[in-house]
Amino acid sequence: MPTRTDVAIVGAGPAGLLLAHLLQREGIGVVVLEAKSREYLETSPHRIRAGVMEWGTREILVQAGLGEGLLQNGYEHQGIYLAHAGELHRIDFPSLAEGWRIWVYGQQYQVRDMIARFLEEGGEILFEHEVVGLADLTTAPKVRYRTPEGQEGELEAMFVVGADGSHSRARSFVPGLLLKQTTYPFAWLGILAETAPAAEELIYASHERGFALFSMRSPNLARNYLQVSPEENPDDWPEERIWEELNLRLGGVARVEPGPLLEKSLTPHRAFVAEPMQYGRFFLVGDAAHVVPPTGAKGMNLAVADAVALFQALWAFYKKGEEEGLRRYTQTCLDHVWQGEFFSYWMTHLLHAQPDPFQEGLRRAHLAQVLSSEALKRFLAENYTGRRTTGRWVRSLA
Ligand code: PHB
């Protein structure tokens, strides 16, 4: 059992694993603690997350040496469709966002790839180790954990990173963090099914019955979502009802053929930002620090941007003795974090049917503006692809 390391990272998700890999590559000591088992992370259907990478995220992962799987098994998309009133409107990314586009590869697959790579390189991940306390975060941090056998242990570290997702256990031990949060009156009922996707690119469908999204993991794995109320019971949605509703909301612009369901789940929308994202020698990254509703597909992309930002600050500390980057970490991240929150909010409200008739009237006016305005399409493309926001982290990595 390791008892001392440079950087202890709580959570083996995209942010924690990317940071761990980047640090290890530079010879900085790192130990990752993960409450769940490797098998759970890699195969549980409850772990299914979004599948859209901004071009910058793809570039960062490739440059970091973590791109083998995504390059082999992912897909480039040069646009998305907005469906409304029986018509398909294409948002062409390269022409609107100076060549930027997106890459479709499931987050769960990327996590599996990063675990394999990190372990191959001699990295240490303590699976099924639950963090039960953090101490002395402003002086000499300690991570207290419980092993799968129920024994307690302690890891001393120079720095501790909370990368353990939206329900972060690590965050709960840190005093003085303010959660700025909001709720959205929406949830998504999501399915993964063995059938062809509705189209070759994603369709975001606005319909008076509610929003629907048609995404994919491969040419024969469709990932679709329906806007429902957060109080909805997924049991009230047998398979036939889901397929019928998906096709209704497509409004005739395409069709999805029913296929065997591999997963079905309800995700209520929520959003928060924890400020500051640090305390003494403790730092938050990814969903532990901020959550966005899924409409803009920003979650993993913001997590990757945080991980790169923190890596650069830690690198400057270990290689040059500079502390300024660490001191400014929150300030550095809050820029892309709030841009991500804003865009997710914007796209969510643009596309989700509102129960309130006045709000719904405003929404339709908003959508009519977007569908007829080159400037607003450019705004959408620049944010969806990340060119305007997280994009700067690619350039800084070179
Ligand atoms: C997905 O493929 O799961 C997905 C795609 C785009 C989103 C959200 C989820 O905005």
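Computed quantities for the displayed model
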| quantity | calculated |
| --- | --- |
| Failed item in (1) loosely packed, with under 14 Cβ neighbours inside 10 Å; (2) among the hydroxyl-bearing types (Ser, Thr, Tyr); (3) touching a Gly at 6+ places or on another chain (Cβ under 9 Å), with residue 373 passing the rest | (3) |
| Residues located in the range 350-369, provided they are under 21 Å from residue 88 (Cβ atoms) and open to solvent by 90 Å² or more (accessible area, probe 1.4 Å) | 364, 369 |
| Boolean, residue 112 is surrounded by fewer than 21 Cβ atoms within 10 Å (Cβ to Cβ) and away from the ligand (no atom under 13 Å from the Cβ) | yes |
| Qualifying residue in the range 216-228 (condition: in contact (Cβ under 8 Å) with a residue 40 or more places away in the chain and either among the β-branched types (Val, Ile, Thr) or more than 15 Å from the ligand (Cβ to nearest atom) (or both)) | yes |
| Tally, over the range 27-69, of residues that are in a helix (DSSP H, G or I) and within 16 Å of the ligand (Cβ to nearest atom) | 6 |
| Checking residue 238 against (1) more than 24 Å from residue 364 (Cβ to Cβ); (2) within 14 Å of the ligand (Cβ to nearest atom), the condition it does not meet | (2) |
| Test: residue in the range 81-93 that is within 15 Å of the ligand (Cβ to nearest atom), open to solvent by 30 Å² or more (accessible area, probe 1.4 Å), assigned to a strand (DSSP E or B) and touching a residue at least 60 places away in the same chain (Cβ under 8 Å) | yes |
| Boolean, residue 138 is open to solvent by 10 Å² or more (accessible area, probe 1.4 Å) and β-branched (Val, Ile, Thr) | yes |
| Hits in the range 94-106 (condition: within 16 Å of the ligand (Cβ to nearest atom) and open to solvent by 50 Å² or more (accessible area, probe 1.4 Å)) | 101 |
| All helices (runs of 4 or more DSSP H) inside the range 237-349 with 3 or more residues being under 20 Å from residue 177 (Cα atoms) and touching a residue at least 12 places away in the same chain (Cβ under 8 Å) | 299-320 |
| Residues of the range 284-343 that turn out to be within 24 Å of residue 134 (Cα to Cα), within 16 Å of the ligand (Cβ to nearest atom) and open to solvent by 20 Å² or more (accessible area, probe 1.4 Å), as a count | 1 |
| Some residue of the range 19-34 being open to solvent by 10 Å² or more (accessible area, probe 1.4 Å) and under 19 Å from the mean Cα position of the chain (by Cα) | yes |
| Considering residues of the range 229-253 that are surrounded by fewer than 17 Cβ atoms within 10 Å (Cβ to Cβ) and closer than 16 Å to residue 197 by Cα only, the residue farthest from the chain's Cα centre (by Cα) | 252 |
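The values are calculated or read from the model by the stated rules, or taken from the named source; none is laboratory data. Small disclaimer: the values here were computed from a predicted structure and weren't measured. Neighbour counts run over all protein chains shown; Cβ positions are idealised from the backbone, glycine included. When the accessible area is computed, the model is the full protein with side chains, heavy atoms only, and any ligands, DNA or RNA have been set aside. Shrake-Rupley method; radii C 1.70, N 1.55, O 1.52, S 1.80 Å.
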